[in-house]
Every structure is written in structure tokens, then in C-alpha cells.
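Participant: Just dropping this structure here.
The values are calculated or read from the model by the stated rules, or taken from the named source; none is laboratory data. The structure presented is a predicted model; accordingly, all values stated were derived computationally and were not measured. We place every Cβ from the backbone using ideal geometry, glycine too, and count neighbours over all the protein chains shown. The accessibility values were calculated without ligands, DNA or RNA, using every heavy atom of the protein model including side chains. Shrake-Rupley method; radii C 1.70, N 1.55, O 1.52, S 1.80 Å.
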Amino acid sequence: MAGTLNMTDRRRLAMLLTPAYLWLLIAVFLPLAAMLFFSFLTKMPQDGPDWAITLDNYSAFLTNPTYGTLLIKSLQLGMIVSVICVIIGYPCALVLAKSIKGRAREALFLMVILPFWSNSLVRIFSWAIVLRGNGVLELTLNAVLPFDLNLNLMFTTHAVVIGLVHSYLPYVILTSYLALQAIDDDLIDAARSMGASKLTILRRLLLPLSLPGLLAGVVLVFVPVVGSFMEPRILGGRMGTYYGTLIEDQFVAVYNWPLGAALSFILLAVVLVILAVASPVLKGART
Amino acid sequence: MTGGLLALVGRIWLVAILIFLYAPILVMALMSFNASPFYQLPFEFTWRWYQDLSGNAQIATAAIRSVLIAWVTTLIATALGTAASIALFRYDFRGKRVLQILLFPPIAIPWLITGTAMLTFFFAIGIGRGTPAVIIGHVALALPYVIVTVTARLASFDITLEEAARAMGANTWTVLTRVTLPWISPGIVAGALFAFAVSFDQFVVSYFLSEPGDTTLPVLIYTAIRKGFTPEINAVSTIIITISMAIMFIAARYSKIGGNN
Amino acid sequence: MSQVEVSHVTKRFGTMTALDDVTINFTDGGFFALLGPSGSGKTTLLRTIAGFYFPESGTIRIGDIAVQKVPVEKRDIGMMFQNYALFPNMSVADNVGFGLRVRKVSRNEEARRVAEALELVQLGAFAARRPQQLSGGQRQRVALARAIVTKPKVLLLDEPLSALDKTLRVDMQIELKRIQREIGITTIFVTHDQEEALTLADQIGILKAGRIVQVGAPRDVYDHPVDAFTAGFLGDANWVPDSAMSGLTLPREPDGFRFATRPEMLTISQDRPAPGTNSLPGKLKQRIFAGTMATCIVDVNGESWKLTARDRDIPQIAANDDVWISWVPRDTMAVPR
């Protein structure tokens, strides 16, 4: 408590903390606050003195059905990608945490999460090379399969989903793995001694106990996917118009920054609602 | 035994995921050594695209800028982050919890939102776009990673070591430089590597904050991709991903991620 | 309730032989303790009987069925773990009912039997609580109720009391013994605490380096250890020096044997004791007061002997004084060399 710190300690504390948090204030929190303000303006102050306060940017969201449709499209994308990540990633975490032991586990775990810290743009580009018509995937499949297949996944929603799953899958594996690893093996042994099958152990023990970790992973996938724009642009082509690309356009193509700010803030509100809903469960994740 | 079968299926699943994660990257890397400019097979080995890169002034400038920005970001974020970690670890004070929670928004809010917010704010206060703006943004994104990594290392630090040093007559400065910092240095190294990677791989925030035509490497690649793919992009991408994976590999070894702690 | 027969069981982990040709019978309804130092294989033996490990060779029978290849979930056993292993996501009642649910017992039957088991461990009022809300001793009881509610053929306990503090542990020992008698289940109990083994069990099996060294009733094992290791492991043993054997009344010819006594069998005095008792001269080194009891360390012919008695029964003797140590001849243990 502050009361227990003497003057010297307080000064030291301030010296150590101020630079970092001042930086975060200037680079993150003030910009967010400023953007909220700009989202209520007719035009950016630097573009001329004749700016005014308005609600138009928000009413545009309500009157122009495209915006709402795109937001829903992005939310759906987030849901699809999250579900696929869970279906693929949770069993993988289960195998890593409860079936593989020792050094092999450590090495495999590192291999699974390594790509997730590497350059996301490059990884999306690599999928473009694989998925394009006459690309490696098509050539490989045609070499293996007895019939010829015209598989041009590039510039489809499937391509966007594949690329995003590739980008964010390690999140779900990471959080689920940490939650599963924390479960004492004695609990599993105890359940087995009472006659429980592997399925029962999964359903009644492992799944409930690792649920906070799994949900943390889902949130960590869902939130950035809803705000993604680079992945749909590269892999989705004309199919790749989402809420994220809409915001990007306002800032780099249309130059309607106040509208972009309003759209960004609506996204932020959605994200915050999701985080708030998930937070009681997520608190359990960090035991 | 069904147990054996299940374990086998699990291992196959794991291998399939590893293939899914690495295959496209390997394909992309292979194609950077393929002679055909249109990615046509059969594969014919060439160094040509890498040689072309070295003659490409635009890519070279962007690469130098990226590395420079990453260096500056690493220095600032590591220094500020380490200081904050020590404060958060050492002292108990009102509002500590709030300060810890404030580390999450830069990580949890989609970069699209943070990036556009920085763009509007920096224009409003006159910083505008360009390399300084990019560095300000990158440091903010890297700070939480440094703080989390260093704090994790500090958590294993035995505070009685400091007390013992003080009991032997060491002053605060000596305790800090001879006891505390040496102990947490692996955490600082890992945090610095994270910071470098966050900056070097950062696309979204750089994209909004860099001056058109005066960009970082990832932004340059993004603009190039949208004009059409060339094996040159494969070559530069291969270099980038090799560097960033190597950095993260070392960082993971330092912070013992995946260990049984 | 069934008897458990382990015959010629060998279990290896890599190159390490954890169980080396182990043969031991656990009779129906008995309370057995497997006792040994860490690494002796006692827990491995328990887990092999449970079915967590399959032996490389040998057979295990529970009742009339050979189970050495049957996995744990099909063996119909009850087990208690060192840290209780209660499921933190379930209430006490759900923890206890878990095995019944797995066996597809009807909900009514489940509720009845859970209540009955909780009543048996005197936790009837705690059914709705979470394990985290219970004290160590209460968790212990829940774990016991959970292990016996399915009426398993055998109850296996892996150092279940080691996490409790001393007073609570003694209470739980009494409680465990009562419940075991009440339901008459064959019980196998692993411990490294010889006092606990001697208190609880009808039969004790002592393990060393993956082998069974001795099996017998507590008093037999305590009084007639088969080797020096067992003699020293069950309690302190004072070894009669070879040079001092001549004047003593010994239970048998000394060829191939050594002789020892337990500290509590000894009497200390300054005067030479009357003939008819075994006595040896020595020098009092130290007297350690520990409440009701006291321990004396006496130097006997260069061997350090330990004597325990009620403090008030030990005469006031100064350190380094010459003393006599004596004991009744039939309290002499003959231990094969």
C-alpha cells in the first residue's frame, strides 16, 4: 500500500515507472481517446478550421447497411476461424500435454508456437504461393490424384479462413496446453481407478478444468480476426472485403478519417463487450 | 490396447499440424530458389532472385530502416520495460493492479484500431507520419512483452538475496547492479529479443504510420504483393522469416518457454 | 472383497528394475502395509496392483481373476492418492459419486450410496461443498469415501496420510482402521513411516531395492527382523559388539548371527545389575529430554547405543560417568548376518 512506502521509495517507484507508462499514455491511451473525439468531427482539424461536432459518422453506420453487413461478416469470420482453431488445436494441446513426455514435449511445443511469433505477413504470403491457381497445392494434388482437379482456392473465403487459422492456431494450442499441463496427473489416475474411460475423463475432467485456457485462446483468436484486413486483402482478393478492410480504406484510400475513427470505435466497443463477457471465465485461466 | 491406438492417432494429428504450420513457409522458401519467374515447375535451382535483391535499392533501404527501427525500439523498450518490471516486482502500492492491467490493451486491442488511433493522434499533435512515429508506436507495442518477460523472470528471484546483500553493507545501487540485474539478465535478453521481433515483424502499425515510399520492409512487401507476386518477394520473405524465427527460437530458449516451470 | 495374489512379478522402467520377482499374498479382508525407503519399489508395486503399470512377467490375481494385463479402469479397485486428487471442478457429492456415475448406477441409488459413504466418514453435512473449501483432514475423508463407495474388490492407499500434520495424522489412522474394520475390505497401504505401518497394519511387507525382504505381523517383523536392514528400518537397533558376546545369554548359537536390542528394552543404572539379566558396561554420553520420554546415548565398547525410557525412570547420572546397560535376555534379537 502507498502508505507503507517512505519518500525515497516513492521517488524511486515514480522514476522507474513513469517513463514506461508515460510512453504507453502518449502512444496508446491518448491516441485512443483522441480517436474517440475525432470520430465525432465532420473533418480532421488539420484539414481546415471549419470542422464541427457531429454524430453523422455513427449514424452512417446505422443508415448504410454495407457497414453493418461487413461487421457481421467479420464477426462470422472470427467465429468460423475460432471454431476451426479449437477443433484442430485442442486435441493437439491434449496430445502435447498429456501424451508426450519429457524433452520431446518441450521441443514439439516450441515448434508449434515458433511460427506464431514469426512474421505474419510473410506467412500469409506463403499461403498465397501455395493456394494460387497452378500453385503448389494444385500441382501436388493433381500429381497424386487419378483425376485432374481445377483447384484455385486463391481469392476465396476459404483461402482467407485457411490463412487466418494458420496465423492464429498457435494461440489456442498455447493457452490450452498451459491449462492442460497444469492439471495434476493424479486426477486422471484417480478417475481411471474409479473406472472412467478416456472419453469420460476428457468430458468430465480435462475439458471443464482446461475450459478457461481454451476460452482465453478463443478470445485471442477471435478479437484480432475480427479486426484483420491484411489477410483478407492478400488471400481474399475481391471476396476479401471485410470490416477491417473497410476501416483501412477510410485511412489509406478514401481519407475519411473521422468515419474511419467511428468505425474503429464501433469495433473497439464490440471487442470490449466480448472481453467483458469472457472476463469472468478468463480470470480462472490465470490461477 | 485402445490406449496405444489413441496415442498413435494423437501423434499423427500433431505431425499433421506441424506440416500445416511449416509446409507453406517451406514452399515459399523453395520457390525463392526456383528459376521460373512465374513459379512454374519443374524446380530449377537458382540464386538469381537473391542476387536481384542486392541490386534493389528500394528493398535495401527498407531493410536498413526496418533493422534500425527494430534496434532503437529494442533499446528503448528494454530499458523502460526493465525499469517498470523492477518497480512492479519490488514495491507494493495502491494502483499496482491497475498498472498491470494497463499492459493488456496494447496487446489485446486489434492493431488496426491502435494503429489508426496513433495515426490520427500523431497528425493532430504534429508528429505526423514517418520513422519517429513508427518508433513511438513500436516501443508501445513492445513494452508489454518486455515487462511480462522480465517480470516472469523476477518472479523466480529470491528477495532474501537482496536482503542478504544489504545486510553485508551493499547500497541500493550495488544491490541492483551486482545482485538483481545479473539474476534477471536472461529475462532482459529474452525481453529484448521479443521487442526486436515485435518491431521487425510489425506490419499493421508500420503500415499506418510510415511515410508512403519511405516504408519498412513488411510494408514494402505488402504493397508489392498487391501489385503481383514475384520470386524476389519470396527471397526477401524467406530472409525475414529466417531471421525472425531464429530470434524467437533464441528468445524462447532464454525465457525457457515450454519448460516445466 | 477378495484376496490379492502377486506372484513372480517383475517390472522394469528402461534399464531400471523397479520390481524384481516379487511374490506376496494379501489375504481377504486384511490390512497390509508396504513399507520401504524411497526407491524401494513400494509405490510401483501398488500401482502395478492397481493396473497403472503392466508387469513384464509374473501374474497378479484379484479374487480369482488374473488381471496383470487388465488396465486400471477395468480392475474394480478403489484408490487413495497422496495429495487426495479430488476433482476441483466437482462438489464433494459429485466427487464421491463419480465412480457410480461411470458404472451407470441410477441417480437415486447414487444419491443413497454417496450419502451412506459420506456418513461413514462423518462428512454428511459437506456434500455440497467444493474440495477447495475443506480442510486437509476433511479432503482426506472425502478421498476415502470416494475410494470405497463403489465397493471395490481392494482398497489401495498411496501414502494417504503423509500430507497431514502429526496430530491429525494420528486421528486419521484411528479413523482409517475403524472404517476398514467396518467394511472389511482388503486394504493395501504404502508408507515410508514405520510407526504408521506398525500401528495400522495386520501384516507388513518390507521392500528393499525392488524385492520383498520380509512379510509378517507387525510384532513378528519388529521382534524378528530377517536382516540388519529390516532391523534398522523398523526402529533403532543396538548391535551387541562381537567382543562383548561372551558373558551374555543369547537366544541361539552365534555362528552366522548378530544380536541386537531395541532402545525401549534397555535399563540404565550405575550399579552392576543382578545376574540373570544381560548387561554391558558403558559410558553415558548424552541425555536428551523430550517431554515424557528421554533418550540416552551410551558408548558401549565403541558402539553408540540408544536407550529410551520414561524420563522419571532414568536415574540422575552425569555425562561421561560409567554406567551399566541391561536387558531381559528374551528381548535379544538374533539377526542373520
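Participant: At least 3 residues that are open to solvent by less than 60 Å² (accessible area, probe 1.4 Å) and touching a residue at least 24 places away in the same chain (Cβ under 8 Å) in each: list the strands (runs of 3 or more DSSP E) lying fully within the range C:252-319 that qualify.
Facilitator: On the way: elements: C:257-261, C:267-269, C:278-290, C:293-300, C:303-310.
Correct list: C:257-261, C:278-290, C:293-300, C:303-310.
For (1) surrounded by fewer than 23 Cβ atoms within 10 Å (Cβ to Cβ); (2) at pLDDT 90 or above, each residue gets a yes or a no:
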{"position": "C:Gln68", "(1), (2)": "yes, yes"}
{"position": "C:Lys74", "(1), (2)": "yes, yes"}
{"position": "C:Met80", "(1), (2)": "no, yes"}
{"position": "C:Asn83", "(1), (2)": "yes, no"}
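Participant: Shifting gears a bit: Of everything in the range B:111-129, what is at the interface with chain A (Cβ under 8 Å from one of its Cβ atoms) and crowded, with 22+ Cβ neighbours inside 10 Å? Give them in sequence order. Step through it out loud before you land on a result.
Facilitator: To start, the set of residues in the range B:111-129 that are at the interface with chain A (Cβ under 8 Å from one of its Cβ atoms) comprises B:111-114, B:116-124.
Matches in the range B:111-129: B:Trp111, B:Leu112, B:Ile113, B:Thr114, B:Thr116, B:Ala117, B:Met118, B:Leu119, B:Thr120, B:Phe121, B:Phe122.
Participant: Report yes if A:Pro280 is open to solvent by 10 Å² or more (accessible area, probe 1.4 Å), assigned to a helix (DSSP H, G or I), without any contact (Cβ under 8 Å) to a residue 40 or more places away in the chain and more than 8 Å from every other protein chain (Cβ to nearest Cβ), otherwise no.
Facilitator: Details: open to solvent by 10 Å² or more (accessible area, probe 1.4 Å): yes; assigned to a helix (DSSP H, G or I): yes; without any contact (Cβ under 8 Å) to a residue 40 or more places away in the chain: yes; more than 8 Å from every other protein chain (Cβ to nearest Cβ): yes.
It is true that A:Pro280 is open to solvent by 10 Å² or more (accessible area, probe 1.4 Å), assigned to a helix (DSSP H, G or I), without any contact (Cβ under 8 Å) to a residue 40 or more places away in the chain and more than 8 Å from every other protein chain (Cβ to nearest Cβ).
Participant: Still on this structure, please answer the following. Since C:Ile174 meets every condition but one in (1) open to solvent by less than 40 Å² (accessible area, probe 1.4 Å); (2) within 20 Å of the chain's Cα centre (by Cα), which condition does it not meet?
Facilitator: For C:Ile174, the failing item is (1).
Participant: Let me ask another. Cβ contacts < 6 Å: first residue within 12 Å of another protein chain (Cβ to nearest Cβ) and surrounded by 23 or more Cβ atoms within 10 Å (Cβ to Cβ), restricted to the range C:137-156; second residue of a type in the set (Ser, Thr, Tyr) and part of a loop (DSSP other than H, G, I, E, B), any location; separation 6+ or different chain. Result?
Facilitator: C:Ala143/C:Tyr84
Participant: Please go through the range B:91-106 and pick out each residue that is within 8 Å of another protein chain (Cβ to nearest Cβ) and open to solvent by 40 Å² or more (accessible area, probe 1.4 Å).
Facilitator: If the condition is that a residue be within 8 Å of another protein chain (Cβ to nearest Cβ) and open to solvent by 40 Å² or more (accessible area, probe 1.4 Å), then B:Asp92, B:Arg94, B:Leu102 are the ones that fit.
Participant: Would you call A:Gly213 over 19 Å from the mean Cα position of the chain (by Cα), at pLDDT below 90 and not aliphatic (A, V, I, L, M)? Show your work before the answer.
Facilitator: Values: over 19 Å from the mean Cα position of the chain (by Cα): no; at pLDDT below 90: yes; not aliphatic (A, V, I, L, M): yes.
Here the answer is no, as A:Gly213 does not meet what is asked.
Participant: Would you pick out the residues in the range A:237-264 that are open to solvent by 20 Å² or more (accessible area, probe 1.4 Å) and not in a helix (DSSP H, G or I)?
Facilitator: The answer is A:Thr241, A:Ala253, A:Val254, A:Tyr255, A:Asn256.
Participant: A further question follows. Which residue is nearest to the chain's Cα centre (by Cα), if the candidates are limited to the range B:25-69 and must be hydroxyl-bearing (Ser, Thr, Tyr) and assigned to a helix (DSSP H, G or I)? Before the answer, list the steps.
Facilitator: So in the range B:25-69, the residues hydroxyl-bearing (Ser, Thr, Tyr) come out as B:32, B:36, B:39, B:46, B:50, B:54, B:61, B:66.
Remaining after also requiring assigned to a helix (DSSP H, G or I): B:50, B:54, B:61, B:66.
Details: B:Tyr50: 24, B:Ser54: 25, B:Thr61: 20, B:Ser66: 12 Å.
If we take residues in the range B:25-69 being hydroxyl-bearing (Ser, Thr, Tyr) and assigned to a helix (DSSP H, G or I), then B:Ser66 is nearest to the chain's Cα centre (by Cα).
Participant: Would you check if C:Leu100 is buried (at least 18 other Cβ atoms within 10 Å of the Cβ), part of a loop (DSSP other than H, G, I, E, B) and assigned by TED's automatic domain parsing to the domain that holds C:Ala18?
Facilitator: Details: buried (at least 18 other Cβ atoms within 10 Å of the Cβ): yes; part of a loop (DSSP other than H, G, I, E, B): no; assigned by TED's automatic domain parsing to the domain that holds C:Ala18: yes.
It is false that C:Leu100 is buried (at least 18 other Cβ atoms within 10 Å of the Cβ), part of a loop (DSSP other than H, G, I, E, B) and assigned by TED's automatic domain parsing to the domain that holds C:Ala18.
Participant: Got a sec? Which of A:Ile80, A:Ile88, A:Ile84, A:Ile100 is part of a loop (DSSP other than H, G, I, E, B) and either open to solvent by less than 50 Å² (accessible area, probe 1.4 Å) or within 29 Å of A:Leu202 (Cα to Cα) (or both)? Reasoning before the result, please.
Facilitator: Values: A:Ile80 fails: part of a loop (DSSP other than H, G, I, E, B); A:Ile88 fails: part of a loop (DSSP other than H, G, I, E, B); A:Ile84 fails: part of a loop (DSSP other than H, G, I, E, B).
Going through A:Ile80, A:Ile88, A:Ile84, A:Ile100 in turn, the sole match is A:Ile100.
Participant: Scan the range C:82-120 residue by residue and report those that are more than 14 Å from C:Lys151 (Cβ to Cβ) and of a type in the set (A, V, I, L, M, F, W, C). Break it down into steps so the answer makes sense when it comes.
Facilitator: So in the range C:82-120, the residues more than 14 Å from C:Lys151 (Cβ to Cβ) come out as C:82-95, C:98, C:101, C:104, C:106-108, C:111, C:115, C:118-119.
Listed by number, the residues that qualify are C:Ala85, C:Leu86, C:Phe87, C:Met90, C:Val92, C:Ala93, C:Phe98, C:Ala111, C:Ala115, C:Leu118.
Participant: Kindly indicate the residue of the range A:99-130 that is more than 8 Å from every other protein chain (Cβ to nearest Cβ) and at pLDDT below 85 and also nearest to A:Gly163 (Cα to Cα) among those meeting that condition.
Facilitator: A:Phe116
Participant: If I ask for residues that are acidic (Asp, Glu) and within 14 Å of C:Lys208 (Cβ to Cβ), which ones from the range C:15-42 would you list?
Facilitator: Of everything in the range C:15-42, those that are acidic (Asp, Glu) and within 14 Å of C:Lys208 (Cβ to Cβ) turn out to be C:Asp20, C:Asp21.
Participant: Could you tell me whether the range C:227-239 includes any residue that is over 23 Å from C:Ala33 (Cα atoms) and either aliphatic (A, V, I, L, M) or open to solvent by 50 Å² or more (accessible area, probe 1.4 Å) (or both)?
Facilitator: As a first pass, look at the range C:227-239 and keep what is over 23 Å from C:Ala33 (Cα atoms): C:238-239.
Checking which are either aliphatic (A, V, I, L, M) or open to solvent by 50 Å² or more (accessible area, probe 1.4 Å) (or both) leaves us with none.
No, the conditions are met nowhere in the range C:227-239.
Participant: Does the range A:28-39 contain any residue that is farther than 29 Å from A:Phe265 by Cβ, surrounded by fewer than 16 Cβ atoms within 10 Å (Cβ to Cβ) and facing another protein chain (nearest Cβ under 10 Å)?
Facilitator: Of all residues in the range A:28-39, those farther than 29 Å from A:Phe265 by Cβ come to none.
No; the residues of the range A:28-39 include none that is farther than 29 Å from A:Phe265 by Cβ, surrounded by fewer than 16 Cβ atoms within 10 Å (Cβ to Cβ) and facing another protein chain (nearest Cβ under 10 Å).
Participant: Still on this structure, please answer the following. Kindly indicate whether any position in the range A:8-20 is farther than 30 Å from B:Ile86 by Cα, at the interface with another protein chain (Cβ under 9 Å from one of its Cβ atoms) and touching a Phe, Trp or Tyr at 6+ places or on another chain (Cβ under 8 Å). Don't jump to the end; show me each part of the working.
Facilitator: As a first pass, look at the range A:8-20 and keep what is farther than 30 Å from B:Ile86 by Cα: none.
Scanning the range A:8-20 turns up no residue that is farther than 30 Å from B:Ile86 by Cα, at the interface with another protein chain (Cβ under 9 Å from one of its Cβ atoms) and touching a Phe, Trp or Tyr at 6+ places or on another chain (Cβ under 8 Å).
Participant: Suppose we filter B:Thr242, B:Thr174 for residues that are among the polar types (S, T, N, Q) and more than 10 Å from every other protein chain (Cβ to nearest Cβ); which single one remains? Outline the logic, then answer.
Facilitator: Details: B:Thr242 fails: more than 10 Å from every other protein chain (Cβ to nearest Cβ).
Going through B:Thr242, B:Thr174 in turn, the sole match is B:Thr174.
Participant: Please work out if B:Ile147 is closer than 29 Å to B:Gln51 by Cβ and open to solvent by less than 30 Å² (accessible area, probe 1.4 Å).
Facilitator: Details: closer than 29 Å to B:Gln51 by Cβ: no; open to solvent by less than 30 Å² (accessible area, probe 1.4 Å): yes.
So B:Ile147 does not fit the description; no.
Participant: Can you tell me how many residues in the range C:217-244 are of a type outside the set (A, V, I, L, M, F, W, C) and not in a loop (DSSP other than H, G, I, E, B)? Please lay out each step first, then the result.
Facilitator: The initial filter retains those residues of the range C:217-244 that are of a type outside the set (A, V, I, L, M, F, W, C), namely C:218-220, C:222-225, C:227, C:230, C:232, C:235-236, C:238, C:241-243.
With not in a loop (DSSP other than H, G, I, E, B) added as a condition, the list becomes C:218-220, C:222-223, C:230, C:232, C:238, C:242-243.
Count: 10.
Participant: If you don't mind, there's one more thing I want to ask. Output the number of residues of the range A:37-69 satisfying the condition of being among the hydrophobic types (A, V, I, L, M, F, W, C), over 15 Å from B:Ile125 (Cα atoms) and not in a strand (DSSP E or B). Step through it out loud before you land on a result.
Facilitator: Kept after step one, since they are among the hydrophobic types (A, V, I, L, M, F, W, C), are these residues of the range A:37-69: A:37-38, A:40-41, A:44, A:51-53, A:55, A:60-62.
If we keep only those that are over 15 Å from B:Ile125 (Cα atoms) too, we end up with A:40-41, A:51-53, A:55, A:60-62.
From the residues that got through so far, the ones that are not in a strand (DSSP E or B) too are A:40, A:51-52, A:55, A:60-62.
Matching residues across the range A:37-69 total 7.
Participant: Restricting to the range B:57-80, and then to whatever is buried (at least 16 other Cβ atoms within 10 Å of the Cβ) and not hydrophobic (A, V, I, L, M, F, W, C), can you tell me which residue is farthest from the other protein chains (Cβ to nearest Cβ)?
Facilitator: Ranking the qualifying residues of the range B:57-80, first place goes to B:Arg65.
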